[in-house]
1. (1) in a loop (DSSP other than H, G, I, E, B); (2) more than 29 Å from Arg267 (Cα to Cα); (3) in contact with a Lys or Arg (Cβ under 9 Å, 6 or more places away or on another chain): which one isn't true of Ile360, the others all being true?
2. Report, by residue number, each residue of the stretch 94-130 that is of a type outside the set (Ser, Thr, Tyr), under 18 Å from Asn298 (Cα atoms) and assigned to a helix (DSSP H, G or I).
3. Name the residue, out of Thr155, Thr169, that is surrounded by fewer than 15 Cβ atoms within 10 Å (Cβ to Cβ), within 15 Å of the ligand (Cβ to nearest atom) and within 25 Å of Gly27 (Cβ to Cβ).
4. Restricting the stretch 15-56 to residues that are of a type in the set (Gly, Ala, Ser) and outside any loop (DSSP other than H, G, I, E, B), which is farthest from the chain's Cα centre (by Cα)?
5. Residues to consider are Glu282, Glu291, Glu237; find the one that is farther than 30 Å from Leu380 by Cβ and out of contact with any strand residue (DSSP E or B) (no Cβ under 9 Å at 6 or more places or on another chain).
6. Scan (1) surrounded by fewer than 16 Cβ atoms within 10 Å (Cβ to Cβ); (2) within 26 Å of Leu263 (Cβ to Cβ) for the single condition Leu115 breaks and write down its number.
7. Examine the stretch 62-78 for a residue that is within 8 Å of the ligand (Cβ to nearest atom) and either in the same structural domain as Val199 (by TED's automatic domain parsing) or closer than 19 Å to Tyr253 by Cα (or both), and state whether such a residue exists.
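The values are calculated or read from the model by the stated rules, or taken from the named source; none is laboratory data. In this text, all values refer to a predicted model and were calculated from it rather than measured experimentally. No Cβ is skipped: glycine too gets one built from the backbone with ideal geometry, and neighbour counts run over all protein chains shown.
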Amino acid sequence: MKTHYEVIIIGAGSMGMAAGYYLSRQGTEVLLIDAFDPPHSNGSHAGETRLIRHAYGEGRQYVPLALRSQELWNELQKETTETIFKQTGVLGFGHTGSKFMEEAIASAEAYHLPLEILNSEEINSRWPGITLPNGYSGCYEPASGVLFSENGIRTYRKLALEKGAQLLTNTPVIDLEINENRNIIHTEERSFTSDKLIVSAGAWNGKLAAKLGLSLPLQVKRQVVGWFEAPDSLYDEQVFPGFFVDLPNEIYYGFPSFQGCGLKLGRHDYGQDVDPNKINREFGIYPQDEEKIRDFLNRYMPQAAGDLIKGKVCMYTKTPDEHFIIDLHPQYKNIAIAAGFSGHGFKFASGVGEVLSQLITNGKTEHDISLFSITRPALLSKSTI
Ligand SMILES: Cc1cc2nc3c(=O)[nH]c(=O)nc-3n(C[C@H](O)[C@H](O)[C@H](O)COP(=O)(O)OP(=O)(O)OC[C@H]3O[C@@H](n4cnc5c(N)ncnc54)[C@H](O)[C@@H]3O)c2cc1C
């Protein structure tokens, strides 16, 4: 194995593996290094599925990247027999007046995205698996749906290797020496050098940032999801959409049952602060792991509140404003950083992979990534870049 590469990518998960593919496709000599064997259950991409929404409650600035990402996922789908995307549609609902939903609706208007606005009666009658009282409303986006995150990473991995990328698995990067022209990347057994570096280590980015001379305000959260026994007649992918729910003090998201796997549900705004090296990955270690999500089912989807089939633990890496960090290093323009995907990043992984490949190759990208600047005030006030 060679010891010098044009680009080394530290962290070959959602963002890093996609970047590795787009770089190797353009002929760049790239080495991906991962602490585990992606896709795997130790980071932020496990649990089979992720929602992709185009109308975006987190801010209409995300829409162009969401649409480009969808195009790239569709392209990836053509390269594999694995399922990458299913167009189940995504329903959002909450109390009438939810700011998140208002922004999703405004973003759909701004970008002419198909979106149906519905009241609680219309939601209840169209999806009898949902029981909403009066005073709720929703929006349904028929063009969006569900990504199969582990299949996506597996496919990017296969295609990147076919294009000549090298991948080192089960090899944590333990130290870095950086400078404008050449970086030295140390693992336990070997060291490598590269002209350019992409750091996309998910929940471990905070630890690696310190070795890049950065202090990024990243908060790692333990998150859980559960799969529940639910009748196919009401919750199968053919009849039930992906969904998100914005309530005054609670945010949930969920997935229809694919081939009898059960209805999957998670709570977005609940989780424990953790060190990624010390996280307890056993679902149910805290009684709230199941209680918080079952309580939602009892209220709004009672027929899906069957037995728990399985649960899974995963990690969010949050920034203070919950926007991503995708940028070049403030001092070293041969280093790109992709971090802080704040629990809503997977849908963009294809687009972020493209952005990173352009950024590290040309020092700039055709996409507008100003929202994700590493020197934005929301980060600077909390960090010591
Ligand atoms: C429960 C849950 C539900 C979610 N739901 C959605 C959703 O519906 N829609 C959506 O868009 N997003 C969702 N997300 C968010 C999304 O999954 C993440 O934003 C995304 O996976 C983050 O990608 P990443 O590349 O930063 O991290 P990862 O995919 O975890 O990749 C980071 C990689 O870096 C490697 N690494 C770490 N340290 C080192 C090191 N020192 N040396 C070498 N390698 C290293 C890790 O092994 C890992 O493979 C969800 C996340 C969770 C946890």
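1. (1) is the only condition that Ile360 fails.
2. Residues of the stretch 94-130 that are of a type outside the set (Ser, Thr, Tyr), as a first pass: 94-95, 97, 99-106, 108-110, 112-119, 121-124, 126-130.
With under 18 Å from Asn298 (Cα atoms) added as a condition, the list becomes 94-95, 123-124, 127-130.
Within the stretch 94-130, Ile123, Asn124 meet the criteria.
3. Values: Thr155 fails: surrounded by fewer than 15 Cβ atoms within 10 Å (Cβ to Cβ).
None of the others qualify; the one that does is Thr169.
4. Initially, the stretch 15-56 is screened for residues of a type in the set (Gly, Ala, Ser), giving 16, 18-20, 24, 27, 35, 41, 43-44, 46-47, 55.
Then keep just the ones that are outside any loop (DSSP other than H, G, I, E, B); that gives 16, 18-20, 24.
Values: Gly16: 12, Ala18: 12, Ala19: 14, Gly20: 17, Ser24: 22 Å.
For the stretch 15-56, the residue satisfying everything is Ser24.
5. Values: Glu282 fails: out of contact with any strand residue (DSSP E or B) (no Cβ under 9 Å at 6 or more places or on another chain); Glu237 fails: out of contact with any strand residue (DSSP E or B) (no Cβ under 9 Å at 6 or more places or on another chain).
Selected residue: Glu291, the only one of Glu282, Glu291, Glu237 that is farther than 30 Å from Leu380 by Cβ and out of contact with any strand residue (DSSP E or B) (no Cβ under 9 Å at 6 or more places or on another chain).
6. (1)
7. Looking only at the stretch 62-78, we keep the residues that are within 8 Å of the ligand (Cβ to nearest atom), and these are none.
Checking the stretch 62-78: not a single residue is within 8 Å of the ligand (Cβ to nearest atom) and either in the same structural domain as Val199 (by TED's automatic domain parsing) or closer than 19 Å to Tyr253 by Cα (or both).
Yes/no matrix, rows are residues, columns are (1) closer than 28 Å to Gly94 by Cβ; (2) part of a loop (DSSP other than H, G, I, E, B); (3) free of Cβ contacts under 8 Å to residues at least 24 places away in the same chain:
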{"position": "Gln259", "(1), (2), (3)": "no, yes, yes"}
{"position": "Glu290", "(1), (2), (3)": "yes, no, no"}
{"position": "Asn298", "(1), (2), (3)": "yes, no, yes"}
{"position": "Met315", "(1), (2), (3)": "yes, no, no"}
{"position": "Gln331", "(1), (2), (3)": "no, yes, no"}
